[in-house]
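The structure appears below as structure tokens.
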Amino acid sequence: MIQVKNLSARFGSFEIKNLSFSLREGEHFTLLGPSGAGKSLLTETILGLRRYQSGEIRVGGEYVSGKPADRVTVSYVPQDVALFPHLGVLDNILFGARVRRIKSEVVRQRLKKISGILKIDPILKRGEIGTLSIGEMQRVALARALIIGPRVLFLDEPFSSLDYHIKRQLIEELKKLRRALSITVFHVTHDHEEAFMLADRIGVIFSGRLAQIGSPVGLQHCPTTLQVAQFLMARNIFDARITEIDPRAHRAIVNIDNLKLVSTVFDKVNSGQNVYAVIRPEEVHIIRPNRPLGPKVRENLFPADIKGRTPQPGGCLLSASLDGLNRPIEISISNCAYHDLKLDVVDSVQVCLKSDSLWLIPKNRKKTENYLY
Amino acid sequence: MKKGIWADRAFNGLIWAAAGALAIYLLAVLLTLTFHIRPESWTKVLMRERVLFSLNLSLLCATVASLLGLLFAIPAAYLLARRQFPGKDLLDTLLDIPTVLSPVALGTALLLFFGSGPGRVFEEHGIRFTFVVSGIILAQFSVVVGLAVRSLKAVFESLSPRYETVALFLGCNKWSTFFKVILPMTRNGIITSFILVWARAIGEFGCTITLAGAVPGKTETIPAAIYLGLAEVDIQETLIYVLLLVLVAVVVLLSIRYLTRKRRVGAL
């Protein structure tokens, strides 16, 4: 549905460099990156609102080159929603349908479907946009964009100004809309939760460069650069060295400080190579003493002392020190597990850094920026 | 805390004092005029056909000139607010010239242009501007158009270009975006600009008298009548003309404000 090939564009001192990716029909693709990464610029370039120097962009099969993308195919909801304040709610929603002279029967059916999912029936007759809440404005903007029956919907930070509950509701409604209307979605955000809840695939962008594209699960478990790992809040990232590799068993022995660990998840690394060993806090297991152990958790099992507890929604982030490791390791644990393991009274535990959760990133890949979390 | 309260009071006092002083100053000037008029002069002057003619002429010319001004200023201001092109600063400055030039100087330039310059083409083809009513409109138009461009440019700049982008993807072309989105959203600013421009046009004197003259019963607007009244040392007539001008302007401007207030739209 969208093909971007070797795209390079310069906007003042900012540059988008050699960017390639494509979107399949019906896919929800999210471009995730920090503020200033070039997400909106890239979106506007794909939409044909900005000129680019080289490469090619195709939307719905049509080439886009410094002219707005095919308006029959595309609809766009900007960050500030841009509802027309001189029109009421229904007039805003029907604006595009009237301009395009879509048959009233078609419009009526679409409106029924969309307003049912977005639950906007009670506000359709409101005359003043200014009386709507921010969540209602977002819903009206979505309805206005969808009533024209686009094949691709572009969303630029659509939920950035919403509170948590409204955002969750809208995320669910957007999922339903996508299924009901069979549309492709190109979605730009800096919000991890939003991206991971909605996307089929996520592209991570830093400073105008796509660092990695993958499924939400793939990105979390197998970041290809330190920058991506840090941005996706892997938290436990250690300097390590591979001492031994068994290619047939796909096992690597790595040294982290004075600890020797086994990893079975890596790609293109060699024996003797310096790497980053990454394990997400939610992948670290706390094992109850005297519990019979399965083969997977017998490896990489270490005694640890809990040094700190930070409450989180639905759980707790623990900081634990391991003998032989110079830096504490962070462990995310649910409230239920926290109480089961009596961690409110017990300080000494066993932790397992499972070999299939310990991902290795080769150090020779270019490191461009560090993110604090 | 107390210091903060006093600082707030001082600030409020200052803004009220400034606005109050201005209002008192203007009212004092107008009241002085009013007290100088003998009651019998009102009926005497207002009964004259010449006064009614001047009043009608002033209203007609100011309204036509202001509408013409907006007709040119709206697209020009939109261009300056939205497009980048070589020579933009030069064009922007050029459009300011009528505003900074003294009205008499502008009138002289117009007189030369239409009297002996390239503008004679119009005169030769029967479109006269010198010493006729169309000259008044042209003079007022020339004085106010720069002002209209300046005020409307600020209005268009305050409107987020995202509205246009959204309209484009909803199916609008440039024309429908302009007429269905931009104009309705900037309606408030356009009305304010019209009020500003109309007020400037109805009081215009220097450029008008230079290009169109002040022929009684033909090109004599109220400002021209005030001038002629003073020249003839007819103080009573002059004062009534001044008050008439003020009264008409206040009534018209208040009416426009009242009629458009309820349907105004913010330019977000």
* Asked: For the stretch A:310-329, how many residues meet the condition of being more than 18 Å from A:Arg280 (Cβ to Cβ) and over 24 Å from the mean Cα position of the chain (by Cα)?
  -> 4
* Are any of the residues in the stretch A:306-329 β-branched (Val, Ile, Thr) and free of Cβ contacts under 8 Å to residues at least 24 places away in the same chain? -> yes
* Asked: Counting only residues that are at pLDDT 85 or above, of a type in the set (Gly, Ala, Ser) and at positive phi, how many does the stretch A:6-32 have?
  -> 1
* **Qualifying residue in the stretch A:119-129 (condition: open to solvent by less than 30 Å² (accessible area, probe 1.4 Å), within 14 Å of chain B (Cβ to nearest Cβ) and at pLDDT below 90)** => yes
* Asked: Just for strands (runs of 3 or more DSSP E) wholly inside the stretch A:177-231: which have at least 2 residues that are touching a residue at least 12 places away in the same chain (Cβ under 8 Å) and open to solvent by less than 10 Å² (accessible area, probe 1.4 Å)?
  -> A:184-189, A:201-206
* Asked: Among the residues of the stretch A:22-37, is there at least one that is free of Cβ contacts under 8 Å to residues at least 40 places away in the same chain and open to solvent by less than 30 Å² (accessible area, probe 1.4 Å)?
  -> no
* **Every pair of residues 6+ apart whose Cβ atoms lie under 9 Å, when the first sits in the stretch B:175-189 and is at the interface with chain A (Cβ under 9 Å from one of its Cβ atoms) while the second is among the small types (Gly, Ala, Ser)** => B:Ser176/B:Ala167; B:Lys180/B:Ala167; B:Val181/B:Ala167; B:Met185/B:Gly266; B:Met185/B:Ala267; B:Arg187/B:Ala267
* Residues located in the stretch B:106-144, provided they are of a type in the set (S, T, N, Q) and either under 13 Å from B:Gly213 (Cα atoms) or open to solvent by less than 40 Å² (accessible area, probe 1.4 Å) (or both) -> B:Thr108, B:Thr130, B:Ser134, B:Gln140, B:Ser142
* Just for the stretch A:263-312: of the residues that are of a type in the set (Lys, Arg) and at pLDDT 85 or above, which one is farthest from A:Arg241 (Cα to Cα)? -> A:Arg309
* Pairs, please: C-beta under 7 Å, at least 6 apart or cross-chain, first residue in the same structural domain as B:Ile195 (by TED's automatic domain parsing) and in the stretch B:152-171, second among the aromatic types (Phe, Trp, Tyr) and open to solvent by less than 30 Å² (accessible area, probe 1.4 Å)? -> B:Tyr163/A:Phe84; B:Thr165/A:Tyr76; B:Val166/A:Tyr76; B:Phe169/A:Tyr76; B:Leu170/A:Phe95
* To do: Pull up the stretch A:84-100, narrow it to residues that are open to solvent by 10 Å² or more (accessible area, probe 1.4 Å) and among the aliphatic types (A, V, I, L, M), then point me to the one that is nearest to the other protein chains (Cβ to nearest Cβ).
  => A:Val99
* Structure fact -> Given the conditions (1) assigned to a helix (DSSP H, G or I); (2) surrounded by fewer than 18 Cβ atoms within 10 Å (Cβ to Cβ); (3) within 14 Å of chain A (Cβ to nearest Cβ), every one holds for B:Ser160 apart from (1)
* To do: Using the structure shown, decide if A:Ser104 is under 22 Å from A:Phe196 (Cβ atoms) and either within 12 Å of chain B (Cβ to nearest Cβ) or not aromatic (Phe, Trp, Tyr) (or both).
  => no
* Working carefully through the options A:Leu170, A:Leu162, A:Leu155, find the one that is surrounded by 16 or more Cβ atoms within 10 Å (Cβ to Cβ), more than 14 Å from chain B (Cβ to nearest Cβ) and not in a helix (DSSP H, G or I). => A:Leu162
* Asked: Name the residues in the stretch A:1-14 that are touching a residue at least 40 places away in the same chain (Cβ under 8 Å), open to solvent by 60 Å² or more (accessible area, probe 1.4 Å) and within 19 Å of A:Gly36 (Cα to Cα), would you?
  -> A:Arg10
* Asked: (1) more than 14 Å from chain A (Cβ to nearest Cβ); (2) out of contact with any Lys or Arg (no Cβ under 8 Å at 6 or more places or on another chain); (3) buried (at least 17 other Cβ atoms within 10 Å of the Cβ); (4) in a helix (DSSP H, G or I): which one isn't true of B:Leu147, the others all being true?
  -> (2)
* To do: Pick out, from the stretch B:166-268, the helices (runs of 4 or more DSSP H) lying fully within it that include 1 or more residues that are open to solvent by 50 Å² or more (accessible area, probe 1.4 Å).
  => B:174-177, B:187-202, B:222-231, B:235-261
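The values are calculated or read from the model by the stated rules, or taken from the named source; none is laboratory data. Since the structure is predicted, the reported quantities are computational estimates derived from the model, not experimental observations. When we count neighbours, we look across all protein chains shown, and the Cβ atoms used for this are built from the backbone with ideal geometry, even at glycine. Heads up: the accessible areas ignore ligands, DNA and RNA and are worked out on the full protein's heavy atoms, side chains in. Shrake-Rupley method; radii C 1.70, N 1.55, O 1.52, S 1.80 Å.
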